[in-house]
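Note sheet for the following structure.
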Amino acid sequence: MTKEQFIIELSKLNPASTFLTLSKYHNAYGEIANYNIVFHISYENALKRSVLILENLVPDSHLQLEAKHELLQSYHQSIHNIKTTPIEAIDDHYTRFFDSNKRYIKGVKMHTATGNFHLYGFINNKFVLKPGSYPLENRSPLTKEKDFLRSKVPVGRFRQFRILPNQVEKIAVQKLSLLPPI
């Protein structure tokens with residue numbers, strides 16, 4: 001399947017949130033897993049829900065309070081950026097796609113320099129087929145607290161997947177079975 005065919009197929013999807021399956025996805029650490037993600041999501045809505053949850057969370061420690069404040073500041077900045085920057089004006093080295101009605105196709109983008117596609121959404125389910133070999137953990141205590149807090153909010157489930165022909169066996173969504181683009 002060519003990149004153009006891949007985008008045409010994705011543009012045919014119902015624009016509402018939907019489930020997408022990545023079969024036998026290979027990550028950078030040698031792990032092979034099947035993923036079921038929520039595709040076509042509103043990241044802005046997830047940020048808003050995450051802010052509400054964090055604002056109501058009572059921290060267990062001073063460090064967790066600091067982590068909470070830093071995450072809230074970051075989430076508020078992201079919401080501001082989404083509201084003030086049209087999708088066409090984002091300059092982050094990715095190309096976004098639009099359907100024939102000029103509607104933004106959420107959940108897919110292409111790295112401009114490499115031409116690699118990226119699919120993104122919220123992890124609904126992950127089934128590891130072959131464990132990977134991960135490096136030793138070397139995170140600061142503040143980062144560990146942020147990661148813990150992120151695990152409690154919707155944006156903590158957000159993931160991006162690089163899609164190359166040798167990284168995923170197939171992609172299934174709304175009764176379509178797509179091969180990775182070449």
remark   = Per-residue Cβ contact counts at 10 Å, fewest first, order H80, H118 as H80, H118
request  = Please state the charge dipole magnitude for region 3-178, taken about the Cα centre, from unit charges on C-beta atoms (+1 on K and R, -1 on D and E), reported in debye and rounded to the nearest 20.
outcome  = 480 debye
message = Angle check, please: helix 43-56 long axis (alpha carbons) against the longest principal axis of the chain (alpha carbons), in degrees 0 to 90, nearest 10.
response = 20 degrees
task = Mind jotting down the distance between the C-alpha centroids of region 142-177 and region 50-78, whole Å?
result = 22 Å
message = Just to check, using Stokes-Einstein with a Kirkwood Rh over alpha carbon pairs, what's the diffusion coefficient of region 3-178 at 10 °C and 1.306 mPa s in µm²/s?
response = 89 µm²/s
key: Eligible aspartates and glutamates near K24 by straight Cα distance, threshold 16 Å, same-chain separation 8 or greater   = E169
Low-density loop cleavage sites - trypsin sites (Lys or Arg not before Pro) in region 26-102, where at most 15 other Cβ are within 10 Å (DSSP) = K102
task = Classify region 58-126 as rounded, prolate or oblate from the Cα gyration tensor: take a ≥ b ≥ c as the square roots of its eigenvalues, call it rounded if a/c is under 1.5, otherwise prolate when a/b beats b/c and oblate if not.
result = prolate
ask   = Tally Lys and Arg at +1 and Asp and Glu at -1 over the other residues with C-beta under 10 Å from the C-beta of L178: what net charge comes out?
value = 0
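Where a number appears in this text, it was derived from the coordinates with a stated rule and is not lab data. Because the structure is predicted, anything quoted here is derived from the model rather than measured. Note that we place each Cβ from the backbone using ideal geometry, even for glycine, and neighbour counts take in every protein chain shown.
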